[in-house]
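Down below is the structure, laid out as structure tokens.
The values are calculated or read from the model by the stated rules, or taken from the named source; none is laboratory data. On a predicted model such as this, the values are computed, not experimentally measured, just so you know. Here Cβ is always computed from backbone atoms with ideal geometry, including for glycine, and neighbour counts include all displayed protein chains. In case anyone asks, the SASA skips ligands and DNA or RNA and just uses the protein heavy atoms, side chains included. Shrake-Rupley method; radii C 1.70, N 1.55, O 1.52, S 1.80 Å.
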Amino acid sequence: VLFLDDGTFSFKADCNQGSGTYVADDKGAIRLQAGPVTLAECGSGSRYQDVINMMQAVQDYRLEENGAVLVLVWPAGGPEDNYRAQ
């Protein structure tokens with residue numbers, strides 16, 4: 001996931017790519033709105049749909065390891081998705 005200062009993001013999920021918009025505040029709230037996404041069949045082990053579901057559900061974020069890791073938190077104490085800066 002790549003978040004840009006203009007409120008847009010792009011992502012790669014298995015063999016698919018997409019983009020969208022986001023709004024985040026300094027208290028840890030975030031909202032993602034996926035936009036165009038490719039729809040290739042990635043295979044039976046793909047977690048592509050899980051990534052799309054996360055983007056629709058995530059409500060909070062936090063930065064760890066001095067900003068090197070972004071943690072996206074699902075609602076109601078659900079799972080957390082970790083993304084390390086490259």
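Mind checking whether some residue in the stretch 13-20 is loosely packed, with under 14 Cβ neighbours inside 10 Å, over 18 Å from TRP74 (Cα atoms) and at pLDDT 90 or above? Checked against the condition, which is being loosely packed, with under 14 Cβ neighbours inside 10 Å, over 18 Å from TRP74 (Cα atoms) and at pLDDT 90 or above, the stretch 13-20 yields at least one hit.
Considering the stretch 42-62, the residues that are in contact with a strand residue (DSSP E or B) (Cβ under 6 Å, 6 or more places away or on another chain) and either modelled with pLDDT of 85 or more or open to solvent by 70 Å² or more (accessible area, probe 1.4 Å) (or both) include one that is nearest to ALA29 (Cα to Cα), namely ASP60.
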